[in-house]
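What follows draws every value from the coordinates through simple rules; no lab data is involved. Values in this document were obtained by computation on a predicted structure and should not be read as measured data. Every residue, glycine among them, receives a Cβ derived from its backbone with ideal geometry; neighbour counts consider all protein chains shown.
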Amino acid sequence: MRQALVAATAAVFALALADAAFAHAIVSPPVAKAKVLQQFTLSVPTEEEGATSTTIELTVPSGFAIDSFEPSPGWKRTEQKTNSGGEKTFQTVTWSGGRVPTDEDSVFRFNGSMNSSKTYTFKVRQTYSNGKIVDWTGPETSETPAPVVKGVSDLGGSSSSTLTIVALVVGAVGVLLGILGLATRGRPLA
């Protein structure tokens, strides 16, 4: 009986955390207020066994403006940008010379802003010391999804998103109680 309860609980948690088991290139925060200068972080995992990440290239989406960068010790940064009316627009940023080992992340921080409320898709190219290249440009369901940031006009949250979270938690508890009921079939747990 207790084994069934433990197995059911483990199954629910495994399903809930399944997405977290896969490392992906990400830009965070995943949701940010548009038209506000804020800090963003690019994190790229080194997944190739026995190799290091040596170069990371970020292609900046249209409408996303980078203002400045936080220094990244051990990395050399080069930028491709356009100048228009005295303002520079970053098209690509490349960090090279790093040596990030397997199971660690290359992390870069920059201040930026989005010009409107929409989803911004970044392209990331990762080069390993063994010459392998990974393009983080695929759809969300792929093994190499492109990092995305959703620009919103307000971060206040809505009652419908809170209600959705509450409904999911209540649903998960209901599933657990149902599994517990089936496993014990009315018998006491003790």
Checklist outcome for this item: Fewest to most Cβ atoms within 10 Å: 58, 37 sort as 37, 58
Item to check | Sites residue 39 and residue 132, calculated FRET efficiency, Cβ-Cβ separation with R0 25 Å, nearest 0.05 | outcome: 0.25
Next on the checklist: Place a point 7 Å from Cα of residue 52 in the direction of its Cβ. Which residues in segment 72-109 have their backbone N less than 11 Å from it?
Outcome noted: 74-75, 97-102
Checklist entry - So how do 66, 133, 56 line up by other beta-carbon neighbours within 10 Å, fewest first? => result 133, 66, 56
Checklist entry - Given charges of +1 on the Cβ of Lys and Arg and -1 on the Cβ of Asp and Glu, with all other atoms neutral, how large is the dipole of segment 92-150 about its Cα centre, in debye to the nearest 20? => result 280 debye
Checklist entry - For residue 92 and residue 69 in one chain, what is 0.36 nm times their gap in residues minus the Cα-Cα distance, to one decimal in nm? => result 7.0 nm
Checklist outcome for this item: Once amide hydrogens are built 1.01 Å from N within the peptide plane, the residues lying 5 or more places from residue 146 or on another chain with amide H under 5 Å from its amide H are 137, 138
Checklist outcome for this item: Rg/Rh of segment 22-154 (Cα atoms, Kirkwood Rh), to two decimals, equals 0.97
Checklist outcome for this item: Here FRET efficiency (C-beta to C-beta, residue 77 to residue 142, R₀ 25 Å, nearest 0.05) is 0.35
